[in-house]
Amino acid sequence: MQLDAKVPSGPIEKKWDQRRFEMKLVNPANKRKHTILVVGSGLAGASAAASLAELGYHVKCFCFQDSPRRAHSIAAQGGINAAKNYQNDGDSVMRLFYDTVKGGDFRSRESNVYRLAQISVEIIDQCVAQGVPFAREYGGLLANRSFGGAQVSRTFYARGQTGQQLLLGAYQALERQIGLGKVEMFPRTEMLDLVIADGQARGIVTRNLITGKLETQAGDAVVLGTGGYGNVFYLSTNAKGSNATAIWRAYKRGAAFANPCYTQIHPTCIPVSGEYQSKLTLMSESLRNDGRIWVPLKKGDSRPPSQIPAEERDYYLERRYPAFGNLVPRDVASRAAKQVCDEGRGVGPGGLGVYLDFKNAIERLGEPVVRDRYGNLFEMYERITGEDPYQVPMRIFPAIHYTMGGLWVDYNLMSNVPGLFVVGEANFSDHGANRLGASALMQGLADGYFVLPYTIGDYLATAKPAKVEAASAPFTDAEREVKARLDKLLGINGKRTVDSFHKEVGRILWEDCGMARTAEGLKRALQKIPELREQFWKDVAVLGGEGEVNQQLEKAGRVADFLELAELICLDALDRAESCGCHLREEFQTPDGEAKRNDADFSYVAAWEWKGPGEQPALNKEPLSFEHVHLAQRSYK
Amino acid sequence: MKSFKLILNVWRQKSGNADGKFVRYEVPDVSEHMSFLEMLDVLNEALIGRGEQPVAFDHDCREGICGMCGFMINGDAHGPLPGTTVCQLHMRHFHDGQELWLEPWRARAFPVVRDLMVNRSAFDRVIAAGGFVSVNTGGVPDGNTLPIGKLDADRAMDAAACIGCGACVAMCPNSAAALFTGAKISHLGLLPQGQPERNTRAERMVTQMHAEGFGHCTSTGECEAVCPKHIKLEVIARMNADFLRAKLRSRD
């Protein structure tokens, strides 16, 4: 496989200008003759679909939810970064670029990240023009806050619902185009395969989730904005429906899957309360600005927190990282929590939790100030746990939150399959081995509003895809394969529920490919996962039929794909014999337990290539070079 | 950890065209820490184990923001706790031996799809009729060229918090969608960006709302009381004012 990142020549600050000039244009009168299939309606998918339709393309957009407004981008709480420097505190495109490359632990492509920082400022303007109700100062200007340990205030926000408001902005732009007849929307429709004809991505196979009807859709290009694959762990902060099926089907049709082992764990989530737990709820990490994290000094100390005197508490982040204290990056905070719980000092049921205590903040600031800053989060915590965080410390524990890995794309956001574009969390492009807070919304909208609409035009003008019929052989073959797979799932008539398999594969990953990984653990997981997969295909129970609403069948297809993806994640984690960002291999640490990169051997993107059932996938490497951000060991001491 | 028994009467309906009926189930081990949907997960796992069809219900984020979940519990949309979606309703608010009746949203504009699932695409069509600012991507002014007073920004945000779940319609004796439609008209109408299209927006959205088969608002206020995001009745007053003004000024 030849991986050409197609990075434009010239100095980094001119690359995007250079590329936009080089790109061929589609004649405005011809745009409506091109059909573009956009799968997913989150920030990346909805913004892409709306922008492409505004340009004049014929767009078909697909989502599995009942409305495009439900996509999981809606749940993002914190905010969106932009290098506006409105606060006059020294921010710049260069600084946002630098922070993002460093935060990603030097495993992202510099040129992409620089473009992201450049575009960040346009996104804010676009969203304001749409009527997104960002927080304002009393003088009427846009408010900012510092977020996720950044030393400048560059985060724009709409209360704790920034993702919701940005998504509604994109959704409204999309609905406008639907109303104008420029976008055909297919809600409650799931993509089950990618169709490739003459080496180009030319269509998809979908299932209507109400009638069960399979259909093929043909287009001149396919855009996947289908989100991340964090739900492979079963318990995550993702929505229950979030899945990897679209990108996994594309992988099995030849698209390279990059860095699958880069999975981010968020340090401040509400701990698991029982076996029935269906998902984990994130508490905004802004809580770490005023809350102090601690566990008892003694193992197995079961006294209530109020009866543990100060000298018997271990404020372990403040102790280990005096400079950053409770504000260390997500990966560092998560690993530290795991360590103290592994030592038997965790709190709450099962010992899987640490305290996040606001007692000192309430004493220092007064309860009204704390209520003003965090009132809605405290309320959410109390609603879920039944405990009042004004009286007793919160209990928190890390949870899977975001996946930096995804389908490999070049600078134009096209995968190695011509005509297959991948945007947002579904691609691997900008966050390296660790994503910084408030960067996901930025990337989704940058891809959809401002990158893809240009690059897809260049592809159409250059590749000139020939006319194709949705009734031709590649389409009917793909549909037949999808049908066979659904029939197979329905025909197993086994004993175990789909969820029980999903939970089990999630547990394997969490134990052996979670916050800390070892070669031994990964090899164990690589043995267990194929066994579980085999059992799934022998013993899963999927009731009901194909031609009706069948939520078990939907889930079964997604879990079947997770059972394959889980193996690739472990394979990648085993291959990457270094620690970087969220990928901590216990064998590779500094003497004081910090992640130790190996730039000489691992400064590359690992792009995996499907080689067929039962075959080992092939590893292709895209070397990474760092010309603008000096390679350095991260230190938060 | 406390656990207890619940008796559920769940509306079962195979498809939009089929007849439906209540079916009685017992859930023996309900933990007080479960969410309502996790309790249904436990029921469904048991049903699958017995070879029976699980109960179909819509849900996605399970943190109260996507708006996908929602059904009636003993006649209350999203259940007895105010300001909460059913995914964020926890079982500690119920007691041992309690009998519950679960039904889908009942409204002409929201036809039943299966069991507790309904079709809410009418809401999307109301937004498509005018719930936006007509700006294309690119070519917009700097975000700070348009100062917006904090109070207006805050009130716009209050209205924009609507999650489109449909509880307001389900709870309204007239099945009106005035709170939903008014929330979007207010969000955009309170901001300077929304002014150029303020009249046409109100006119088109209200017309579409009626075309979808939603009823008229008679100000009973059930919608406000049940809204998980505390959208206030005043958004309906704004909608009516904008609609009236649009009609007075309309020359077509």
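Semi-axis lengths, largest first, of the ellipsoid equivalent to the range A:474-613 are 36, 18, 11 Å, with √(5λ) applied to each eigenvalue of the Cα gyration tensor.
The number of Lys pairs in the range A:474-613 with C-alpha atoms less than 17 Å apart, excluding pairs fewer than 8 positions apart on the same chain, is 10. Peptide A:115-128 has a mean shielding of 3, counted as Cβ atoms of other protein chains within 10 Å of each residue's Cβ. Going by alpha carbons, how many degrees (0 to 90, nearest 10) lie between the helix axis of B:178-189 and the longest principal axis of chain B? Computed tilt is about 40 degrees.
Listing A:Ser278, B:Ser35 from the residue with the fewest other Cβ atoms within 10 Å to the one with the most, what is the order?
Details: A:Ser278 19, B:Ser35 27.
Ordered from fewest to most neighbouring Cβ atoms within 10 Å, A:Ser278, B:Ser35 come out as A:Ser278, B:Ser35.
Distance from the alpha carbon centroid of the range A:36-62 to that of the range A:381-452 works out to 20 angstrom. Partner shielding of A:134-147 amounts to 4, given as the average count of beta-carbon atoms from other chains within 10 Å of each residue beta-carbon. The order of the peptides B:121-128, A:525-532 by mean Cβ neighbours within 10 Å, most packed first, is B:121-128, A:525-532.
When DSSP assigns beta bridges and you keep just the ones with both residues in the protein assembly as shown, what percent turn out antiparallel, to the nearest 5? All intermediate terms of the calculation are to be shown ahead of the outcome.
Details: 61 of 87 bridges.
Given both bridge residues lie in the protein assembly as shown, the antiparallel proportion sits at roughly 70 percent.
Annotation: amide H of A:Ala197 within the under-5 Å range of A:Arg202, sequence separation 5 or more or interchain, hydrogens built in the peptide plane.
Of all DSSP-defined beta bridges confined to chain B, some 75% are antiparallel rather than parallel.
Extent of chain B along its three principal axes (Cα atoms, max minus min coordinate, largest first): 62, 39, 36 Å. Angle, helix A:93-103 long axis vs. longest principal axis of chain A, Cα atoms, 0 to 90°, nearest 10? It is inclined by approximately 70 degrees. For the peptides A:460-468, A:158-166, the ranking by packing is A:158-166, A:460-468, with the highest mean count of neighbouring Cβ atoms within 10 Å listed first.
With only Cα atoms counted, the range B:3-103 has Rg and Dmax values of 13.1, 38 Å. By the rule of a C-alpha distance below 13 Å, with chain neighbours fewer than 8 residues away ignored, the aspartates and glutamates paired with A:Lys182 are A:Glu54. When we measure straight from the Cα of B:Lys184, which lysines land under 20 angstrom away, once same-chain ones fewer than 8 places off are left out? Once the sequence-local lysines are set aside, what remains near B:Lys184 is B:Lys150, B:Lys229, B:Lys232, B:Lys247. Taking the fewest neighbouring Cβ atoms within 10 Å as the starting point, the ordered list for B:Thr181, A:Thr245 is A:Thr245, B:Thr181. Using the Cα centre of chain A as origin and beta-carbon charges of +1 (Lys, Arg) and -1 (Asp, Glu), tell me which of A:Leu377, A:Leu356, A:Val605 is placed farthest towards the positive end of the dipole. Sorting the options by dipole projection puts first A:Leu377. Under the convention that each Lys and Arg Cβ holds +1 and each Asp and Glu Cβ holds -1, the size of the dipole of the protein assembly as shown around its Cα centre is about 1280 debye.
Once each part is reduced to its C-alpha centroid, what is the distance from the range A:469-496 to the range A:146-163 in angstrom? Spelled out, the Cα-based centre of one part sits 45 Å from the other. Could you tell me how far the Cα centroid of the range B:174-219 sits from the Cα centroid of the range B:127-160, in Å? Comparing the Cα centres of the range B:127-160 and the range B:174-219, I get a distance of 16 Å.
Which whole number gives the average, over all residues in B:166-179, of C-beta atoms from other chains lying within 10 Å of the residue C-beta?
On the way: counts 0, 0, 0, 0, 0, 0, 0, 0, 0, 0, 0, 0, 0, 0.
The mean count of partner-chain Cβ atoms within 10 Å per residue comes to 0.
What you get for the range B:3-103, charging only the Cβ of Lys and Arg (+1) and of Asp and Glu (-1), is a dipole of about 240 debye around the Cα centre.
Based on every Cα atom in the range A:159-223, Rg and the maximum pairwise Cα distance Dmax equal 15.2, 49 Å. Roughly what % of Cα-Cα distances in the range A:265-401 sit above 25 Å, to the whole percent? Summing the P(r) tail past 25 Å for the range A:265-401 gives 19 percent. Straight Cα distances below 22 angstrom link A:Lys14 to the lysines A:Lys6, A:Lys24, A:Lys84, A:Lys102, with same-chain residues fewer than 8 positions distant left out. Kindly express, to the nearest 10 degrees and within the range 0 to 90, the angle between helix B:198-211's C-alpha long axis and the longest C-alpha principal axis of chain B. That works out to roughly 40 degrees.
Ranked for footprinting exposure by Cβ neighbours inside 10 Å, fewest first, B:Thr218, A:Thr281 give B:Thr218, A:Thr281. The Rg/Rh ratio for the range A:234-294, using Cα coordinates for both the radius of gyration and the Kirkwood hydrodynamic radius, is 1.10.
Packing, as the average of other Cβ atoms within 10 Å across residues, places the peptides A:536-543, B:140-147, B:103-110 in the order B:103-110, A:536-543, B:140-147, highest first.
Principal axis extents of the Cα atoms in the range A:456-548, from largest to smallest and rounded to whole angstrom, are 50, 37, 20. When the Cα gyration tensor is reduced to axis lengths a ≥ b ≥ c, the ratio a/c stays below 1.5 for the protein assembly as shown, which is therefore classed as rounded.
FYI, it's all coordinate maths here, none of it is from the lab. Keep in mind that what you see is a predicted model, and the values were worked out from it rather than measured. No Cβ is skipped: glycine too gets one built from the backbone with ideal geometry, and neighbour counts run over all protein chains shown.
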